[in-house]
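Since the structure comes first, as structure tokens, the remarks are kept for the end.
The values are calculated or read from the model by the stated rules, or taken from the named source; none is laboratory data. The shown structure was predicted, so the numbers you read here are calculated from the model rather than taken from an experiment. Every residue, glycine among them, receives a Cβ derived from its backbone with ideal geometry; neighbour counts consider all protein chains shown.
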Amino acid sequence: MKKLVIFDLDGTLLNTIFDLGEASNYALRKMGFAQHPIPAYNYMVGNGVRKLMERAQPDADPQTIEMLLKDFREYYDDHCTDATKPYVGIPELLKNLSSEGIDLAVASNKYQAAVDRIIKYYFPDIPFIAILGQNPERPPKPDPSIVFEILEKHPTPKNEVLYVGDSGVDMETARRACVESVGVTWGFRPTSELKEAYADHIVSVPDEIMKIAKESDLI
């Protein structure tokens, strides 16, 4: 049985794509750039907001990217809960894992202030032992430093840790951290990406994560 389950946020716990896309389009529109349809952002998110802006406007110079980032955050800070919703079954999964004595953590490439606000808004009663967003002093995922920081705060043998995410970035993060991975199919990336990134497990409903957490012993 696992002792700690670490979750990615966007595309794993919460469907945030509309609010992320709207904030991105606001920033692009404010500077006179072409906007993108919301589904296009499925392939732009996952590596932090700076990379999102670089992908949304690939010809922009560093100064322009900084302006886009400022405008993005200006909008997103006020609208990050407009359309965002937990995926079906996620609140129940988190409560059930916690009731089994399994610790929970969040590891996201979203900037910390937004992570804190969103988790508090959608999961106020879940006792996460760590809620980590992007830190300028720490490389973003797929660098495993965010996992190591969680384990430093809450020491747990790696074979008792499960990492859950929706993208190849997440599977690579777990692989580099040497912890067991679960790829979820309800997020922003296709199942093929999870397979190509060597996910240890791929699940289509949250209940399957509980089964893996209670039974799995791959590593």
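Does ASP200 fit the bill of being outside the structural domain of ASN42 (by TED's automatic domain parsing), touching a strand residue (DSSP E or B) at 6+ places or on another chain (Cβ under 8 Å) and under 24 Å from ASP19 (Cβ atoms)? So ASP200 fails the test. Just to be sure, is ILE146 surrounded by 15 or more Cβ atoms within 10 Å (Cβ to Cβ) and closer than 21 Å to ALA23 by Cβ? Spelling it out, it is not the case that ILE146 is surrounded by 15 or more Cβ atoms within 10 Å (Cβ to Cβ) and closer than 21 Å to ALA23 by Cβ. Here is a check on your reading of the model: is GLU74 at pLDDT 95 or above, assigned by TED's automatic domain parsing to the domain that holds MET31, assigned to a helix (DSSP H, G or I) and surrounded by fewer than 16 Cβ atoms within 10 Å (Cβ to Cβ)? Taking the combined requirement at face value, the residue satisfies it. Being touching a Ser or Thr at 6+ places or on another chain (Cβ under 6 Å), more than 25 Å from GLU193 (Cβ to Cβ) and either in contact (Cβ under 8 Å) with a residue 40 or more places away in the chain or of a type outside the set (A, V, I, L, M, F, W, C) (or both): is that true of LYS95 here? Spelling it out, it is not the case that LYS95 is touching a Ser or Thr at 6+ places or on another chain (Cβ under 6 Å), more than 25 Å from GLU193 (Cβ to Cβ) and either in contact (Cβ under 8 Å) with a residue 40 or more places away in the chain or of a type outside the set (A, V, I, L, M, F, W, C) (or both). The condition of being farther than 25 Å from LEU162 by Cα and free of Cβ contacts under 8 Å to residues at least 60 places away in the same chain holds for ARG55.
Has the stretch 122-130 got any residue that is surrounded by 18 or more Cβ atoms within 10 Å (Cβ to Cβ) and acidic (Asp, Glu)? Within the stretch 122-130, none of the residues are surrounded by 18 or more Cβ atoms within 10 Å (Cβ to Cβ) and acidic (Asp, Glu). Per the listing PRO140, PRO136, the residue uniquely surrounded by 18 or more Cβ atoms within 10 Å (Cβ to Cβ) and under 21 Å from LEU20 (Cβ atoms) is PRO140.
Does ASP143 count as in contact with a Lys or Arg (Cβ under 8 Å, 6 or more places away or on another chain), part of a loop (DSSP other than H, G, I, E, B) and within 30 Å of LEU69 (Cα to Cα)? Yes, satisfied.
Tallying residues that are closer than 23 Å to ILE129 by Cα and assigned to a helix (DSSP H, G or I) within the stretch 77-95 yields 6.
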